[in-house]
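The values are calculated or read from the model by the stated rules, or taken from the named source; none is laboratory data. Here the structure is a predicted model, which means the values were calculated and not measured. Cβ atoms come from the backbone with ideal geometry, glycine included; neighbour counts cover every protein chain shown. Just so you know, the surface numbers come from the protein's heavy atoms only, side chains and all, with ligands and any DNA or RNA stripped out. Shrake-Rupley method; radii C 1.70, N 1.55, O 1.52, S 1.80 Å.
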Protein chains: 2
Amino acid sequence: MADDKTIMTVAVLGGTGKEGSGLAVRWAASGYNVVIGSRSAERAEQKADELNAVVGAAVISGAHNTDAAARADLVVLSVPYAAHSATLEAIGEQVQGKILVDVTVPLQPPQVSVVSLPQGQSAAMEAQTYLGDDVRVVAAFQNVSAEHLKDPDHIVECDVLVCGDDKAAKAEAIRLVEAAGMRGFDAGALRNAIAVESLTPVLIGLNLRYKGSGAGIRITGITP
Amino acid sequence: MADDKTIMTVAVLGGTGKEGSGLAVRWAASGYNVVIGSRSAERAEQKADELNAVVGAAVISGAHNTDAAARADLVVLSVPYAAHSATLEAIGEQVQGKILVDVTVPLQPPQVSVVSLPQGQSAAMEAQTYLGDDVRVVAAFQNVSAEHLKDPDHIVECDVLVCGDDKAAKAEAIRLVEAAGMRGFDAGALRNAIAVESLTPVLIGLNLRYKGSGAGIRITGITP
């Protein structure tokens with residue numbers, strides 16, 4: 001239980017996906033209230049029931065993305081890049097004054113192992129531009145393979161680089177990293193999400209070439 | 001001694017710098033002939049003498065960048081980004097038909113801990129565009145702190161991501177990585193140098209925030 005946290009309710013938009021649901025279970029198990037968001041409220045509720053069974057308590061609920069964002073203190077965005085801008089539109093109002101943790105990686109299928117910078121250079125920067133200055137956007141978790149998250153007891157051999165322009169928002173995100181069982185590092189300005197997001201296609205390529213499914217990174221030479 | 005290598009003479013342009021001279025010593029110690037290149041032939045020769053004393057054998061020579069590139073089978077470019085295009089101009093002819101390993105990181109001083117993409121998206125891609133298709137450009141070593149390289153016996157806790165569009169050239173670069181005492185991974189297309197180069201300012205920022213000098217990365221979940 002992260003006793004020093006000030007965030008109590010976390011919405012995980014795209015929480016029906018593998019990455020989002022893995023994070024949701026870990027956060028619920030560590031004491032956060034979690035709302036799964038989806039474009040379909042029904043699918044979100046079904047996924048919430050499923051995940052509550054994993055946690056062994058009814059601590060996760062499900063709702064449409066817009067309602068999930070409205071209910072939460074902090075909103076996590078874990079959607080395919082193709083759904084990124086539509087999801088931002090759906091929550092633009094509800095997320096004002098809050099922290100948005102963007103997990104989105106701007107992959108360009110089918111070329112998912114080659115870096116492809118989006119128009120705004122990174123998904124997280126695009127989110128900040130769209131949502132405006134009253135939303136504190138933080139980029140995190142883009143390099144963590146969903147493979148590692150699905151079993152909540154599995155130790156994840158991957159560090160999380162946390163980028164953002166607001167120190168307090170990054171500290172909150174780093175608490176979420178630790179609640180999910182990983183090490184989080186303050187990786188500087190939101191602009192540095194360019195590096196972190198673009199590392200994901202490189203890791204996907206390493207999985208293909210070296211026959212793995214969970215390539216990740218560890219930071220060496222310093223400790224958090 | 002890397003017995004399977006086909007490259008015998010390596011030029012290290014910018015080899016009077018910390019990163020380049022650290023690599024030069026390690027390669028010389030593992031059996032490569034090394035030519036240090038600099039804008040000043042005299043400075044290159046002085047540095048070569050200095051490094052030969054470290055290695056304990058006269059296996060490193062010094063020359064002007066252009067001559068160093070002409071003498072080598074493979075050319076390593078380890079210069080500040082401000083000198084990148086001028087150095088490419090100086091060796092454009094001499095490097096044709098060869099492999100160029102670009103170590104350059106497009107930092108924008110004084111903002112060295114914030115990602116700043118160059119006009120061509122990455123220094124390595126700019127090199128490929130300038131030099132043309134007869135030069136096989138490979139990007140490598142950008143994330144290795146010079147701190148770790150200066151003592152040739154020090155074990156470097158940093159993996160090297162090797163990007164390029166030519167498989168055989170990448171294999172040659174990976175042999176150089178191993179000769180320098182590190183693990184090298186085929187990290188995909190040259191375009192993926194965007195991710196690797198932009199990770200360096202993130203690591204510089206981690207050093208500042210977490211009071212270190214040698215932050216690096218290890219790839220987890222797969223083995224080379």
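With the simple spin-label model, which puts each label point 7 Å out from Cα in the Cβ direction, the A:Asp134 to B:Glu42 separation comes to 6.6 nm.
Run the numbers on the stretch A:49-160 and let me know its relative contact order in percent, using alpha-carbon pairs under 8 Å that are six or more apart.
For the stretch A:49-160, the relative contact order is 22 percent.
Distances between copies at A:Ala82, taken between label points 7 Å from Cα along the C-beta direction, are 4.7 nm in increasing order.
If you take every DSSP beta bridge whose two residues both sit in the stretch B:23-179, what share of them, in percent to the nearest 5, is antiparallel?
15
Under the criterion of Cα pairs below 8 Å and six or more residues apart, the relative contact order for the stretch A:1-89 equals 35 percent. Taken residue by residue and averaged, Cβ atoms of other chains lying within 10 Å of the Cβ of A:199-211 number 6.
Taking amide H positions as modeled 1.01 Å from N, with prolines and chain starts lacking one, the residues under 5 Å from B:Val12 and 5 or more places away or on another chain are B:Val35, B:Ile36, B:Gly37, B:Val76.
Once every DSSP H run of n ≥ 4 in chain A is given -39500 (n - 2.57) and the sum is divided by its residues, what mean residue ellipticity at 222 nm do you get, rounded to the nearest 500 deg cm²/dmol? Let's see the in-between values first.
Values: 8 runs with 85 residues, N = 224.
Calculated mean residue ellipticity at 222 nm is -11500 deg cm²/dmol.
Taken per residue, the accessible surface of the stretch A:59-167 reaches 41 Å², heavy atoms only and a 1.4 Å probe. How about the stretch A:109-139: which of its residues lose at least 10 Å² of accessible area in the presence of all protein chains relative to their chain isolated, using a 1.4 Å probe? Those residues are A:Ser113, A:Val114, A:Val115, A:Leu117, A:Gln121. What shape does chain B take by its C-alpha gyration tensor, where a ≥ b ≥ c are the square roots of the eigenvalues and a/c under 1.5 counts as rounded, a/b above b/c as prolate, and the rest as oblate? In terms of gyration-tensor shape, rounded.
Using the crude model of +1 on Lys and Arg Cβ and -1 on Asp and Glu Cβ, and no other charge, please compute the dipole size for the stretch B:55-161 relative to its Cα centre, in debye to 20. Don't jump to the answer; show the numbers that get you there.
Numbers: 4 positive and 13 negative charges, 25 e Å.
Dipole magnitude for the stretch B:55-161 comes out near 120 debye.
Of B:Lys18/B:Lys211; A:Lys47/A:Lys167; A:Lys211/B:Lys170; B:Lys170/B:Lys211; A:Lys167/B:Lys211, which pairs sit farther than 25 Å apart, going by alpha carbon to alpha carbon?
Working: B:Lys18/B:Lys211 20 Å; A:Lys47/A:Lys167 33 Å; A:Lys211/B:Lys170 18 Å; B:Lys170/B:Lys211 34 Å; A:Lys167/B:Lys211 17 Å.
The answer is A:Lys47/A:Lys167; B:Lys170/B:Lys211.
Applying a 10 Å radius around every beta-carbon, put B:128-137, A:56-65 in order of their mean neighbour count, most first. Provide the component values of the computation, followed by the final result.
Details: B:128-137: 17.1, A:56-65: 19.6.
Taking the mean over residues of other Cβ atoms within 10 Å, the ranking is A:56-65, B:128-137.
In chain A, taking the dipole from charged Cβ atoms about the Cα centre, the farthest positive-side position among A:Ala86, A:Gln96, A:Ala140 is held by A:Ala140. Here is how far apart the A:Glu178 label points are across copies: 4.1 nm, shortest first, using a point 7 Å from Cα toward Cβ.
Once the Cβ-Cβ distance of B:Asp165 and B:Ser85 is raised to the sixth power relative to R0 = 22 Å, the FRET efficiency obtained is 0.60. For A:Thr223, the distances from its label point to the matching points in the remaining copies are 2.7 nm, ordered from shortest, with each point set 7 Å beyond Cα toward Cβ.
When a/c reaches 1.5 or more, the comparison of a/b and b/c decides; with that in mind, is the protein assembly as shown rounded, prolate or oblate per its Cα gyration tensor? Don't jump to the answer; show the numbers that get you there.
Details: a/c = 2.42, a/b = 2.25, b/c = 1.08.
Prolate.
Which value, in debye to the nearest 20, gives the size of the charge dipole of the stretch B:153-205 about its Cα centre, when Lys and Arg are +1 and Asp and Glu are -1 at the Cβ? Don't skip to the answer; put the middle values down first.
Working: 5 positive and 9 negative charges, 29 e Å.
So the dipole magnitude of the stretch B:153-205 works out to roughly 140 debye.
Within the accessible surface of the protein assembly as shown, defined with a 1.4 Å probe on protein heavy atoms only, the carbon and sulfur portion equals 50 percent.
Compute for chains B and A the buried accessible surface, both sides summed, probe 1.4 Å, and express it in Å² to the nearest 100.
Values: alone 10090 and 10110 Å², together 17190 Å².
Chains B and A together bury roughly 3000 Å² of accessible area.
Annotation: the antiparallel percentage among DSSP beta bridges lying fully within the protein assembly as shown is about 15.
Based on DSSP H assignment, which helices of chain B show an axial Cα extent of at least 24 Å together with a mean Kyte-Doolittle hydropathy greater than or equal to 0.5? Once both thresholds are applied, what remains is B:193-209. Between the C-alpha center of the stretch A:35-109 and that of the stretch A:131-198 there is a gap of 16 Å.
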